[in-house]
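Read through the structure below, which is laid out as structure tokens, and then see the notes.
The values are calculated or read from the model by the stated rules, or taken from the named source; none is laboratory data. Not measured: the values here are computed from a predicted model. Neighbour counts are summed over all protein chains in view; Cβ atoms, including those assigned to glycine, are modelled from backbone coordinates with ideal geometry. Please note that ligands, DNA and RNA were not included when accessible areas were found on the heavy atoms of the full protein model with its side chains. Shrake-Rupley method; radii C 1.70, N 1.55, O 1.52, S 1.80 Å.
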Amino acid sequence: MKNTLLTLLAASALSVSSMAQAEDYVTNYQEIVKAANWDNMKTVTIELKDYEYGGNLVFEQGQPYKVEIKNVSKDDKKHYFTAPEFFKNIATRKAQVNGQAEIKTHYFTALEVLPGGQLDLYFVAQNRGEYPLYCTVKDHRDKEGMEDTIVIK
């Protein structure tokens, strides 16, 4: 539990460090999140596997989502969900580790999920496009090919 909280705090610190570039993010995120029909939220599971991302990486513009990011890798290693351009194009409500922590901010650049862990991301997809997703753990992207593309259509 302590490691999970530290991970969320690190993610929050990453988000705060990005505040200088806040103008690059969806600026009216609070209105978008408030106006969203969260009763109509879609839940999507993305699995961080042994050097790959598994699950649906296609989202619909204007739709609220809960994305369950699960580290199910058998290699017992942490993995990152790094997608700075994607995060700039969604209205984030919060990131949450059930029963442990909740962070409300929209300035994420990356999320780290420890082995066997799960982090839930709540957001409304906003700007259409294709955005790179990759793991920044040493060699996971370059050597092992742990990268993909997130699409907002």
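Summary of computed values
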item	result
Accessible area in square angstrom per residue, the stretch 24-115, 1.4 angstrom probe	46 Å²
Per DSSP, loop GluC sites (Glu not before Pro) in the stretch 29-81 with at most 16 further Cβ within 10 Å	Glu60
Candidates per trypsin sites (Lys or Arg not before Pro) in the stretch 52-129, loop by DSSP, up to 10 other Cβ within 10 Å	Lys74
Over 23 Å between alpha carbons, listed pairs Lys66/Lys138; Lys66/Lys104; Lys42/Lys70; Lys34/Lys78; Lys42/Lys77	Lys66/Lys138; Lys34/Lys78; Lys42/Lys77
Computed label-point distance, nm, for sites Val151 and Gln61 using a 7 Å Cα→Cβ extension	1.5 nm
Percent accessible area from carbon and sulfur atoms, the stretch 30-116, protein chains only, probe 1.4 Å	40 percent
